[in-house]
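Colleague: What follows is a structure written as structure tokens; I'll ask about it next.
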Amino acid sequence: MFRPLDRFIDSQTWLDSLAEPLQGWVNSLFSGGDAGKQVKNFLNGTWLGHPLHPVVTDVPIGAWVATLVLDTAASVSGDEGYERAADLTLATGLAAAAGAAASGWTDWSDTYGKDRKVGLVHGLTMVGTVLAYAASLGARWSGNRKLGRMWSNLGLGLLTAGAYLGGDEVYDLGFGVNHTAFLHGPTEFESVMPLDDLQPNKPTKADVKGVPILLVRIQDTLYALDDTCVHAGCSLAGGHLQGASIVCPCHGSQFDLRDGSVINGPATMPEPYYDVRVQNGMIEVKQGT
Ligand code: FES
């Protein structure tokens, strides 16, 4: 059922003309040097080791489902206590939606192509959801509970559609997943290339047992990470060095070469790293311990 919708969204080229300036605006919010970077890291979930967005969306979703249950209980029983509780969960959902929106639009600012279009429709559907629930709260406060319930039912419908698109973004398009999850480097030392062939200070892509590896030589020290960026799969060998770290060429995630830990997002998960040694002039690697 979803494939035609998926294809339909991808065929809407006008979405790109909306996405382009919107992405530029979102990214401009984080342009304030190191402070801006730290705020973006926080909203991406770099500090958490997991994207923040799916964590914070649970609060409004749970609160608004509770609103439906309490509205139903109020209709059946006529108990005003249920009505007050429904209003409270609705307002809680609206307050929590701010965090979900901030983290979601931040993640979206690093998308492109089909991901960006589906993500934009997901985000706009969620904006519609918030507006519907805000209208519902206004109607309830003005004493028109019937209208309030209509708005919140519409909000729940939009929420479901938006959540569907958000799920598609992750499970079908692979946005936000660990792009090294199915790469498994050797657990015992394996030869990669002669040491003499590795130029100092030049990120170099190599292959070990079918797994792309990034090799870096800084003075006498050798480093090795998976070459595939955990964030969206770009080759880290195309990035640049900053001290003992590598900055991804696609969205600027920065990884410590010593252990793959994330210094700056949007990546949230560490880059797999390798133990490195030199035997008979050959560089050998195995999964880091
Ligand atoms: Fe996005 Fe590397 S692919 S930061």
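The values are calculated or read from the model by the stated rules, or taken from the named source; none is laboratory data. Quick caveat: nothing in here was measured; it's all calculated off a predicted structure. So basically every Cβ, Gly included, is an ideal-geometry build from the backbone, and we count neighbours across all protein chains shown. These accessible areas exclude ligands, DNA and RNA; they are computed on the full protein's heavy atoms, side chains included. Shrake-Rupley method; radii C 1.70, N 1.55, O 1.52, S 1.80 Å.
Colleague: Given an 8 Å cut-off on Cα distances and at least 6 residues of separation, report the relative contact order of the stretch 1-87 as a percent. Don't skip to the answer; put the middle values down first.
Modeller: Working: 33 pairs, mean separation 10.6, N = 87.
Here the relative contact order equals 12 percent.
Colleague: Once each part is reduced to its C-alpha centroid, what is the distance from the stretch 7-55 to the stretch 98-145 in angstrom?
Modeller: After rounding, the separation between the Cα centres reads 14 Å.
Colleague: With the other protein chains left in place, how much accessible area per residue, in square angstrom, belongs to the chain at a 1.4 angstrom probe? Display every interim value, and only then the final one.
Modeller: On the way: 14200 Å² over 289 residues.
Roughly 49 Å² per residue, with all protein chains present.
Colleague: Mark the label point 7 Å from the Cα of His240 along Cα→Cβ and return the residues of the stretch 194-223 whose backbone N is within less than 16 Å of it.
Modeller: In the stretch 194-223, the label zone of His240 (backbone N under 16 Å from the point 7 Å along Cα→Cβ) covers 201-204.
Colleague: Here's a follow-up. Under 5 Å between amide hydrogens, which residues at least 5 positions from Gly45 or on another chain qualify, with H placed 1.01 Å from N in the peptide plane?
Modeller: The list, which skips near neighbours in sequence, is Leu52.
Colleague: In square angstrom, rounded to the nearest 10, how much accessible surface does Tyr112 have for a 1.4 Å probe?
Modeller: Taking all protein chains as shown, Tyr112 has close to 120 Å².
Colleague: Sum -39500 (n - 2.57) across every DSSP H segment of at least 4 residues in the chain, then divide by the residue count to get the 222 nm mean residue ellipticity, nearest 500.
Modeller: Details: 8 runs with 146 residues, N = 289.
Calculated mean residue ellipticity at 222 nm is -17000 deg cm²/dmol.
Colleague: Right, something else. I need the calculated FRET efficiency for the pair Tyr171 and Asp259, taking r as the beta carbon distance and R₀ as 35 Å, to the nearest 0.05.
Modeller: 0.75
Colleague: What's the carbon and sulfur percent of the chain's accessible surface, probe 1.4 angstrom, rounded to a whole number? It would help to have the intermediate numbers written out before the result.
Modeller: Working: 8570 of 14200 Å².
Ligands and nucleic acids excluded, carbon and sulfur give 60 percent.
Colleague: Taking the stretch 34-151, how much of its Cα-Cα pair set, in percent, is spaced more than 21 angstrom apart?
Modeller: Details: 3179 of 6903 pairs.
In whole percent, the share of Cα-Cα pairs in the stretch 34-151 beyond 21 Å is 46.
Colleague: Which order do you get for Phe175, Phe189 if you rank them by accessible area with a 1.4 Å probe, largest at the top? It would help to have the intermediate numbers written out before the result.
Modeller: On the way: Phe175 35, Phe189 60 Å².
The residues order as Phe189, Phe175, largest area first.
Colleague: Give, rounded to the nearest 20 debye, the magnitude of the charge dipole that the stretch 13-134 has about its Cα centre when Lys and Arg contribute +1 at Cβ and Asp and Glu contribute -1 at Cβ.
Modeller: Values: 6 positive and 12 negative charges, 87 e Å.
Dipole magnitude for the stretch 13-134 comes out near 420 debye.
Colleague: Can you give the FRET efficiency for His184 and Leu131, using 1/(1 + (r/R0)^6), R0 = 35 Å, r = Cβ-Cβ distance, to the nearest 0.05? Provide the component values of the computation, followed by the final result.
Modeller: Values: r = 46 Å, r/R0 = 1.32.
With a Förster radius of 35 Å, E is 0.15.
Colleague: Projected onto the charge dipole of the stretch 138-262 (+1 at Lys/Arg Cβ, -1 at Asp/Glu Cβ, origin at the Cα centre), which of Gly233, Ser142, Thr180 gives the Cα projection farthest towards the positive end?
Modeller: Ser142
Colleague: For Leu215, Leu158, give me the order by solvent-accessible area with a 1.4 Å probe, most accessible first, ignoring ligands, DNA and RNA.
Modeller: Working: Leu215 0, Leu158 55 Å².
So the residues, ranked largest to smallest area, are Leu158, Leu215.
Colleague: A further question on this structure: Just how far, in whole angstrom, is the stretch 176-197 from the stretch 271-289 if you go by their alpha carbon centroids?
Modeller: 9
Colleague: What percent does the relative contact order of the stretch 182-249 come to when contacts are Cα pairs within less than 8 Å and at least six residues apart? Don't skip to the answer; put the middle values down first.
Modeller: Numbers: 107 pairs, mean separation 14.8, N = 68.
Relative contact order of the stretch 182-249: 22 percent.
Colleague: Given the Cα-Cα distance of Asp58 and Gln279 and 0.36 nm per residue of separation, how much length would full extension add, in nm? Can you show the working numbers first?
Modeller: Numbers: separation 221, 0.36 × 221 = 79.56 nm, distance 5.13 nm.
Answer, rounded to one decimal: 74.4 nm.
Colleague: Normalising by the residue count of the chain, find the relative contact order in percent from Cα pairs under 8 Å and 6+ residues apart. Intermediate values should be presented prior to the final figure.
Modeller: Details: 480 pairs, mean separation 45.1, N = 289.
After rounding, I find 16 percent.
Colleague: Could you tell me the calculated FRET efficiency between Ser31 and Arg84, based on Cβ-Cβ distance and R0 = 51 angstrom, to the nearest 0.05?
Modeller: On the way: r = 44 Å, r/R0 = 0.86.
Efficiency for this residue pair is about 0.70.
Colleague: For the peptides 40-47, 22-29, 60-67, what is the packing order when you average, over each peptide's residues, the other Cβ atoms within 10 Å and list the highest mean first? Walk me through the intermediate numbers first.
Modeller: Numbers: 40-47: 22.2, 22-29: 14.4, 60-67: 20.4.
With the highest mean Cβ count within 10 Å placed first, the list reads 40-47, 60-67, 22-29.
Colleague: Determine Rg/Rh for the chain; Rg is computed over alpha-carbon atoms and Rh is the Kirkwood hydrodynamic estimate from the same atoms.
Modeller: Details: Rg = 23.8 Å, Rh = 21.4 Å.
So for the chain, dividing Rg by the Kirkwood Rh gives 1.11.
Colleague: Another question about this same structure. Calculate the dipole size of the chain relative to its Cα centre from +1 charges on Lys and Arg beta carbons and -1 charges on Asp and Glu beta carbons; express the result in debye to the nearest 20.
Modeller: Numbers: 19 positive and 30 negative charges, 149 e Å.
Value, rounded to 20: 720 debye.
Colleague: Sort Met193, Met150 by heavy-atom solvent-accessible area, probe 1.4 angstrom, most to least. Don't jump to the answer; show the numbers that get you there.
Modeller: On the way: Met193 30, Met150 120 Å².
Highest to lowest solvent-accessible surface, that is Met150, Met193.
Colleague: Taking the chain as a Gaussian network, Cα atoms linked when under 10 Å apart, which of Ser253, Ser103, Ser11 shows the biggest mean-square fluctuation?
Modeller: Greatest mean-square fluctuation among the candidates belongs to Ser11.
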